[in-house]
Amino acid sequence: MYALIITALAGLPIFPLNPTQNDSVSTMNVHFTAGVVSPSELISAGPELTVKYELLFSHPFIIRTGLDYRFGRMSQLKYPKGGYHGFTFSAECLHYRGSHKMKGFAGAGVVYNYSRVSPDNPEFDSIMVLQQIDNVRIDKRLGYRIIFGVRRSDLWSIELRVTDIRTNLVYERDLAPNRYSLQRQKIKLSDIRFTVGYLLPLR
């Protein structure tokens, strides 16, 4: 049984059949990606752009840091309407297997989200007017991410990333000079991101 399992694994197209020097990735890369992000509880689907720095830590592990930017719309009935601009800083570790022609990889990491909300017309938004809300923002918060993907010829990549961030939507109200109130509503910024990328080897 074990012989059959090992034979099946060895027959997979991404299984490393070559020596380490023929199976490894570039020591350093700059990785550019573009793609789409699924809708979440708060935000509509939208585009995403990222830039990442990758370092071959020890075969077969890659560590990378990155910055993602995504745009979306707040269009749910129970939230104020407006634009969403999300910046996500990430630190991830990837484990890869394959050859120079094709590699498969999986990994995980931590993310830190900074979001900016731009209400369309605060003076006409029914939720903001009825609840006397003067400003809306999202708390900065840590989360986590799981990554799956493939690379072709060490230059092109396709990735699927699952991100989960639990944070708060904050409503600010001005009560009087030097007086204000904050109301926090728990939200999830969880999403699925599909991207296509290009790797620029540095070394």
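Cross-link list Lys103/Lys140; Lys101/Lys188; Lys81/Lys188; Lys52/Lys81; Lys52/Lys78; Lys52/Lys186: which exceed 27 angstrom alpha carbon to alpha carbon?
Lys103/Lys140; Lys101/Lys188; Lys52/Lys81; Lys52/Lys78; Lys52/Lys186, as the Cα separations exceed 27 Å there.
Computed FRET efficiency, Cβ-Cβ of Phe61 and Lys188, R0 30 Å: what is it to the nearest 0.05?
Between Phe61 and Lys188 the formula returns 0.50.
Tell me the per residue accessible area of the stretch 144-203 using a 1.4 Å probe; a whole number in Å² is fine.
59
What is the extension gain from Val196 to Leu77, computed as 0.36 nm multiplied by their sequence separation minus the C-alpha to C-alpha distance, in nm to one decimal?
Difference between extended and current length: 39.6 nm.
Summarise the accessible area of the stretch 29-142 (1.4 Å probe, protein heavy atoms) by the percent that is carbon and sulfur.
Summing carbon and sulfur atoms, their accessible area is 66 percent of the total for the stretch 29-142.
Determine the gain in length on full extension of the stretch Arg141-Ala106; use 0.36 nm per residue of separation and subtract their C-alpha separation, reporting nm with one decimal.
Taking Arg141 through Ala106 to full extension adds about 10.2 nm, to one decimal.
The values are calculated or read from the model by the stated rules, or taken from the named source; none is laboratory data. The structure displayed is predicted, hence computed values, not measured ones. Note: ideal-geometry Cβ built from the backbone for every residue, glycine included; neighbour counts use all protein chains shown. Each accessible area value is taken on the protein alone, full model and side chains, heavy atoms only, with ligands, DNA and RNA left out. Shrake-Rupley method; radii C 1.70, N 1.55, O 1.52, S 1.80 Å.
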